[in-house]
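Taken together, the values in this text are just the output of simple stated rules run on the coordinates, not laboratory data. All figures in this text were calculated on a predicted structure; none of them were measured in a lab. Here the Cβ is made from the backbone with ideal geometry for all residues, glycine too, and neighbour counts use every protein chain on show.
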Amino acid sequence: MEIADVRGDLSQVLFTPDEITGRLRELAGDVDRDYAGKDLVIVGVLNGAVMTVADLARDLKTHCEMHWMAISSYGDGVTSSGVLRILKDLTVDIEGRDVLVVEDIIDTGLTLSYLVQNLRGRQPASLEVLTAFRKPAAAKCDVDVKYVGFDIPNDFVVGYGLDYAGKYRNLNGLGVLDPAVYGG
Ligand code: IMP
């Protein structure tokens with residue numbers, strides 16, 4: 001889906017598809033450099049990180065496995081519920097492996113800190129985080145993030161895997177959802 005198809009629902013366009021994939025290509029270069037000769041396991045966080053993992057992985061020159069976890073955080077609303085649980089766990093053992101968690105967005109950081117703590121308990125050789133987007137002004141906890149695509153303002157955004165009530169995930173760019181759409 002193109003930005004033009006939902007332009008009326010967005011108060012602002014933040015990034016075009018080319019800007020996002022261009023930045024991910026740069027990050028893939030960083031990951032290639034850092035993981036040369038390592039046993040890279042990408043853990044994508046469903047559902048939002050599907051686009052980021054797909055684009056990043058295809059730009060990598062390093063072999064990697066791709067696995068998925070799902071964590072509940074948001075319901076259909078635009079604010080975090082604060083209640084986290086694993087809805088889908090990994091189907092592989094990550095002990096002794098080099099794990100790169102790939103997120104769509106870091107908002108409060110609560111989901112990520114829960115996930116990182118959980119995965120560290122499984123004793124990977126290393127554990128790092130890559131996110132396509134991050135909202136520094138929304139941070140409620142300190143999580144180490146090695147690779148960041150873009151820092152963005154503290155607005156509710158949609159597109160490139162990010163949804164509102166299940167919609168807009170297939171939008172190829174990123175935009176700020178007009179508050180009128182969710183009655184904000
Ligand atoms: P956190 O735990 O507050 O960092 O939230 C992380 C999760 O909330 C992300 O993986 C997204 O699924 C969702 N989320 C946070 N901000 C947004 C947004 O602006 N648009 C859509 N989803 C968001």
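Net charge of the neighbourhood of Val92, taken over other residues with C-beta under 12 Å away and scored Lys/Arg +1, Asp/Glu -1, is -3.
Would any residue of segment 118-142 have its amide N under 12 Å from a label point 7 Å out along Cα→Cβ of Leu84? List them or say none. From segment 118-142, the list is 118-120, 140-142. For segment 17-152, the antiparallel share of DSSP beta bridges with both residues in that region comes to about 10%.
Convex hull of alpha carbon positions in segment 17-152: directionally averaged projected area 7.9 nm². So what's the gap between the Cα centers of segment 1-57 and segment 124-168, to the nearest angstrom? Segment 1-57 and segment 124-168 have Cα centres spaced 11 Å from each other.
Note on the chain: helix-only mean residue ellipticity at 222 nm, from DSSP H runs of 4+ residues weighted -39500 (n - 2.57) and normalised by residue number, equals -6500 deg cm²/dmol. Sites counted here are GluC sites (Glu not before Pro) in a DSSP loop (not H, G, I, E or B) having no more than 15 other Cβ atoms within 10 Å; the longest part of the chain that contains none of them is 3-94. Using a cutoff of 8 angstrom between alpha carbon atoms and counting only pairs six or more residues apart, the relative contact order for the chain works out to 27 percent. Within the chain, what's the longest stretch lacking trypsin sites (Lys or Arg not before Pro) that sit in DSSP loops with no more than 12 other Cβ atoms inside 10 Å? No qualifying site falls inside 62-139, the longest such stretch. In summary, the lysines within cross-link reach of Lys38, defined as a Cα separation below 28 angstrom excluding same-chain residues under 8 places away, comprise Lys61, Lys88, Lys146. Compared with the dominant principal axis of the Cα atoms in the chain, helix 50-59 is inclined by about 50°.
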